[in-house]
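Here's the structure, in structure tokens; my notes come after.
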Amino acid sequence: MTRWLAQQRYLMDYALAALARQKGRALGLWAVYALLVFVLASVMLFTQGLRREATQVLQNAPEVVVQRLVAGRAALIDPGYAERLGRLRGVQRVQPRLWGYHYDSVHRANYTVMVPTADAPAPGQVLLGPALARMRGARAGHVVAFKDYAGAVVTFTVAGTLPAASELMSADLLLMNEADFRHFFQMPEGHYTDLVLSVANPAEVRNVARKITERLPDARPVLRDELLRSYASVFDWREGMVLAVLSGTLLAFAILAWDKASGLSAQERREIGILKAIGWETGDVLRMKFWEGVLLSATAFLAGYVAAHLHVFYAGGALFRPVLQGWGTIYPRFDLVPTVDGLQLFTLFFFTVAPFTAAVLLPCWKAAITDPDAVMRA
């Protein structure tokens with residue numbers, strides 16, 4: 001075992017010396033390889049971080065949200081809906097909600113306007129999300145103005161801003177009390193945007209949803225599990241879109257691997273011929289070239305992945321944040337929790353290091369099994 005390890009160390013030393021003799025070419029390959037890994041790893045890490053954050057936030061989302069559909073579109077919940085749903089077996093509590101969207105033509109941004117179920121602001125006051133407060137330059141005590149749905153300008157006093165820790169979900173949030181909300185959106189009394197249901201037994205959530213659609217054909221129940229799948233699909237779609245745009249980098253890597261597999265330079269063939277002539281076995285040549293490819297690709301992979309980790313978790317993923325994050329105008333500020341997914345790391349390593357190493361070995365094997373004299377004369 002000790003002899004085998006010593007042999008591998010000598011082969012690695014020789015591989016390093018061979019790379020040093022072609023310093024310019026090796027550095028060029030290393031830089032392209034590291035850049036490729038950096039781009040792919042950045043996209044994967046940022047998307048996975050967003051997916052993890054969204055999953056954690058949605059774990060506290062309502063079990064069932066019930067909307068009313070009219071002509072296939074969401075409509076206001078009529079009076080009496082909540083009472084009818086509350087009589088269903090398995091439903092523990094029914095909570096009406098008021099929320100909607102408001103477009104600010106001045107700042108060209110959409111706000112999410114909502115009435116909180118607890119600790120609502122006083123009449124004439126609002127609470128602002130962190131990103132919304134930054135964009136409007138508003139702090140507690142300032143006055144902000146909006147144009148309501150009747151076309152009149154309405155002013156509110158800022159009671160405060162929401163915590164920065166919740167910015168991922170509350171960046172564009174505008175909270176007001178129920179009376180102000182109904183006046184702002186011209187919404188009649190007794191009507192609500194949707195209903196939130198609490199189910200006594202979590203295992204019965206789908207049965208409750210089925211009962212809702214049977215009793216109220218114009219109702220659409222939205223389950224928390226469906227929200228989680230929807231968010232996962234959105235992030236997967238965005239990740240795929242970015243990778244498709246960056247397909248040029250994948251093409252560059254394919255060209256790089258093809259160049260390595262297409263053949264050796266005259267100097268490399270002559271070197272292999274000399275090694276065979278002085279007594280090296282074919283297996284020794286292949287192991288030396290294997291270590292040459294592993295040392296180049298593994299160090300480039302490590303550098304690219306570490307750079308991507310720093311870029312995503314400590315520099316905010318600035319290169320891909322606008323595309324992957326998905327907000328149109330109001331961008332939240334939040335830090336993703338640094339994590340390393342073993343399966344993701346192995347997958348990226350396998351699909352970048354393995355093809356390159358194999359591409360290095362193929363032409364070397366062809367040269368190693370050829371007569372040394374023929375190789376050196378070629």
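The values are calculated or read from the model by the stated rules, or taken from the named source; none is laboratory data. Note that this is a predicted model, so its numbers are computed, not measured. Quick reminder, even Gly has a Cβ in these numbers, built from the backbone with ideal geometry, and neighbours come from all protein chains shown. What goes into the accessible areas is simple: the full protein's heavy atoms, side chains included, and nothing from ligands, DNA or RNA. Shrake-Rupley method; radii C 1.70, N 1.55, O 1.52, S 1.80 Å.
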Return the pairs, sorted by first residue and then second, in which the second residue is β-branched (Val, Ile, Thr) and modelled with pLDDT of 75 or more, the first residue lies in the stretch 41-55 and is surrounded by 21 or more Cβ atoms within 10 Å (Cβ to Cβ), the beta carbons are less than 8 Å apart, and the residues are 6+ apart or on different chains. Ser42/Val312; Leu45/Val312; Phe46/Val312; Gly49/Val312; Gly49/Thr339
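When you go through Leu162, Leu168, Leu174 one by one, which is the residue that is out of contact with any Gly (no Cβ under 6 Å at 6 or more places or on another chain) and at pLDDT 85 or above?
Numbers: Leu162 fails: out of contact with any Gly (no Cβ under 6 Å at 6 or more places or on another chain); Leu168 fails: at pLDDT 85 or above.
Going through Leu162, Leu168, Leu174 in turn, the sole match is Leu174.
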Identify, please: which residue in the stretch 173-186 is part of a loop (DSSP other than H, G, I, E, B) and open to solvent by less than 30 Å² (accessible area, probe 1.4 Å) and is, among those, farthest from Val113 (Cα to Cα)? Asn177
Failed item in (1) modelled with pLDDT of 75 or more; (2) in contact with a Pro (Cβ under 9 Å, 6 or more places away or on another chain), with Arg287 passing the rest: (2)
Every residue in the stretch 83-96 that is closer than 22 Å to Leu173 by Cα and surrounded by fewer than 17 Cβ atoms within 10 Å (Cβ to Cβ), please. Gln95
In this structure, is Gly80 more than 27 Å from Ala203 (Cβ to Cβ), of a type outside the set (Val, Ile, Thr) and open to solvent by less than 40 Å² (accessible area, probe 1.4 Å)? yes
Identify the single condition in (1) touching a helix residue (DSSP H, G or I) at 6+ places or on another chain (Cβ under 6 Å); (2) open to solvent by less than 30 Å² (accessible area, probe 1.4 Å) that Ala164 does not satisfy, given that it satisfies every other one. (2)
Starting from the stretch 337-351, keep only residues that are over 13 Å from Leu302 (Cα atoms), then list their pairs with residues that are open to solvent by 50 Å² or more (accessible area, probe 1.4 Å) whose Cβ atoms are within a distance under 8 Å, requiring at least 6 positions of separation or different chains. Val337/Arg52; Pro338/Tyr314; Thr339/Arg52
Quick one: Val106 ticks every box in (1) open to solvent by 70 Å² or more (accessible area, probe 1.4 Å); (2) closer than 24 Å to Ala179 by Cβ; (3) of a type in the set (Val, Ile, Thr) bar one, so which box is it? (2)
Single match in Ala133, Ala140, Ala120 (criterion: in contact (Cβ under 8 Å) with a residue 12 or more places away in the chain and in contact with a helix residue (DSSP H, G or I) (Cβ under 9 Å, 6 or more places away or on another chain)): Ala120
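Which ones in the stretch 80-94 are without any contact (Cβ under 8 Å) to a residue 12 or more places away in the chain and basic (Lys, Arg)?
Of everything in the stretch 80-94, just one residue is without any contact (Cβ under 8 Å) to a residue 12 or more places away in the chain and basic (Lys, Arg), namely Arg87.
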Look at Val113 and say whether it is touching a His at 6+ places or on another chain (Cβ under 6 Å), in contact (Cβ under 8 Å) with a residue 60 or more places away in the chain and either over 30 Å from Pro130 (Cβ atoms) or crowded, with 17+ Cβ neighbours inside 10 Å (or both). yes
Per-region count, the stretch 143-161, residues surrounded by fewer than 17 Cβ atoms within 10 Å (Cβ to Cβ), among the hydroxyl-bearing types (Ser, Thr, Tyr) and either closer than 17 Å to Trp99 by Cα or touching a helix residue (DSSP H, G or I) at 6+ places or on another chain (Cβ under 6 Å) (or both): 1
